[in-house]
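Asks: What follows is a structure written as structure tokens; I'll ask about it next.
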Amino acid sequence: MKKIIIIICFFFIGEAITAQTSIIGTNFTYQQISENEYNFTFHTFFSCGAGSTCPPFVNYTVTIIGDTLYVKAYYDTTGIWPAMGCGRTDTVIYNNSLPQNVTYIKMSTNAITYNNTPPYDPPTMTIEDLYFHIFDLNLSNNNFNTKNKYNLYPNPTQGYIFISNDIDFEKIAVINNLGQIIVRLNKNNSGNYDFKDIPDGLYNIVFYDKTNKKIGDTKILKRN
């Protein structure tokens with residue numbers, strides 16, 4: 001009986017450690033809604049969790065240091081989660097105008113890897129800026145980047161991507177680093193696109209309208 005109890009305990013400890021390092025990517029977007037309102041959106045993908053059950057978004061901070069606005073999202077990855085993988089979307093609303101001297105926005109994903117329950121020492125521990133992206137407000141094409149008209153997630157992906165149906169396009173082409181078209185996909189109603197048969201690597205996703213004119217592109221990393 002004692003041996004069985006020991007095996008069960010080690011099993012749960014192992015699952016908890018896996019969850020602590022489970023964030024495998026975040027896609028960052030932001031949009032200026034008005035002069036005094038900005039939306040910062042985090043599309044975060046986890047190797048643990050299942051379906052809509054993901055490690056929770058528990059806090060955020062918005063600070064200005066020098067010429068940079070820092071937006072940090074915090075996820076609590078402690079606990080025991082199914083090992084299937086999940087994704088979630090969280091938006092931080094900033095109701096304020098940006099000072100004239102702010103020329104950069106840095107968004108980052110931060111993971112809480114220890115909870116407040118003993119025997120953890122220290123009682124809390126956070127991995128800072130696990131993933132991040134810096135937006136340069138001075139770039140001439142910044143409107144394209146900030147609104148992320150052709151944003152898709154999860155990125156990196158392990159088998160599928162999601163593209164919002166609000167985006168105006170007719171089809172996409174997946175192109176490798178040699179310029180070869182790997183696959184063409186028509187826009188569908190679900191917004192989900194299957195990438196599981198595409199080899200691992202970095203790809204360019206090109207968007208086309210009804211006349212087959214290129215209207216945008218972005219990059220995605222496929223990995224298992």
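Asks: Give all pairs with beta carbons closer than 9 Å in which a residue from the range 96-120 that is closer than 13 Å to I65 by Cα and basic (K, R) meets a residue that is at pLDDT below 90 and open to solvent by 40 Å² or more (accessible area, probe 1.4 Å); count only pairs at least 6 apart in sequence or on separate chains.
Replies: Partner pairs satisfying both residue conditions: K106/D129; K106/F132; K106/H133; K106/I134.
Asks: Follow-up. So, in the range 25-40, exactly how many residues are open to solvent by 20 Å² or more (accessible area, probe 1.4 Å) and either without any contact (Cβ under 8 Å) to a residue 24 or more places away in the chain or in contact with a Lys or Arg (Cβ under 9 Å, 6 or more places away or on another chain) (or both)?
Replies: Total satisfying the criteria: 4.
Per-residue answers, yes or no, for (1) out of contact with any helix residue (DSSP H, G or I) (no Cβ under 9 Å at 6 or more places or on another chain); (2) surrounded by 11 or more Cβ atoms within 10 Å (Cβ to Cβ); (3) within 18 Å of H43 (Cβ to Cβ):
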{"position": "Y160", "(1), (2), (3)": "yes, yes, yes"}
{"position": "I167", "(1), (2), (3)": "yes, yes, yes"}
{"position": "N177", "(1), (2), (3)": "yes, no, no"}
{"position": "R184", "(1), (2), (3)": "yes, yes, no"}
{"position": "G191", "(1), (2), (3)": "yes, yes, yes"}
{"position": "I198", "(1), (2), (3)": "yes, yes, no"}
{"position": "I205", "(1), (2), (3)": "yes, yes, yes"}
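Asks: Take Y75 and decide whether it is within 21 Å of the chain's Cα centre (by Cα), closer than 26 Å to G216 by Cβ and at pLDDT 85 or above.
Replies: Spelling it out, it is not the case that Y75 is within 21 Å of the chain's Cα centre (by Cα), closer than 26 Å to G216 by Cβ and at pLDDT 85 or above.
Asks: A follow-up question, please. Got at least one residue in the range 8-19 being at pLDDT below 60 and either in a strand (DSSP E or B) or surrounded by 22 or more Cβ atoms within 10 Å (Cβ to Cβ) (or both)?
Replies: Yes, the conditions are met somewhere in the range 8-19.
Asks: Could we say that K149 is open to solvent by 50 Å² or more (accessible area, probe 1.4 Å), at pLDDT below 85 and closer than 18 Å to N27 by Cβ here?
Replies: So K149 fits the description; yes.
Asks: Identify, by number, the condition in (1) open to solvent by 50 Å² or more (accessible area, probe 1.4 Å); (2) under 25 Å from Y193 (Cα atoms); (3) modelled with pLDDT under 80 that R88 doesn't meet.
Replies: Exception for R88: condition (3).
Asks: While we're here: At positive phi and more than 15 Å from the chain's Cα centre (by Cα): is that true of G66 in this structure?
Replies: When the stated conditions are applied, G66 passes them.
Asks: What pairs can you find where one residue is in the range 166-195 and under 18 Å from K214 (Cβ atoms) and in contact (Cβ under 8 Å) with a residue 12 or more places away in the chain, the other is charged (D, E, K, R) and assigned to a strand (DSSP E or B), and their Cβ atoms are less than 6 Å apart, with a gap of 6+ or different chains?
Replies: These pairs meet every condition: A173/R184; N186/K171.
Asks: Identify all residues within the range 207-224 that are part of a strand (DSSP E or B) and open to solvent by 20 Å² or more (accessible area, probe 1.4 Å); write none if there are none.
Replies: Passing the criteria: Y208, K214, I215, D217, T218, K219, L221.
Asks: Read through the list (1) open to solvent by less than 70 Å² (accessible area, probe 1.4 Å); (2) modelled with pLDDT under 85; (3) not in a loop (DSSP other than H, G, I, E, B), then give the number of the only condition that F144 fails.
Replies: (1)
Asks: I've got another one for you. Counting only residues that are within 19 Å of the chain's Cα centre (by Cα) and within 26 Å of N224 (Cβ to Cβ), how many does the range 165-210 have?
Replies: Going through the range 165-210 one residue at a time, the tally reaches 12.
The values are calculated or read from the model by the stated rules, or taken from the named source; none is laboratory data. On a predicted model such as this, the values are computed, not experimentally measured, just so you know. Please note: Cβ atoms are built from the backbone with ideal geometry, for glycine as well, and neighbour counts cover all protein chains shown. For accessibility, only protein heavy atoms count, side chains too; no ligands or nucleic acids. Shrake-Rupley method; radii C 1.70, N 1.55, O 1.52, S 1.80 Å.
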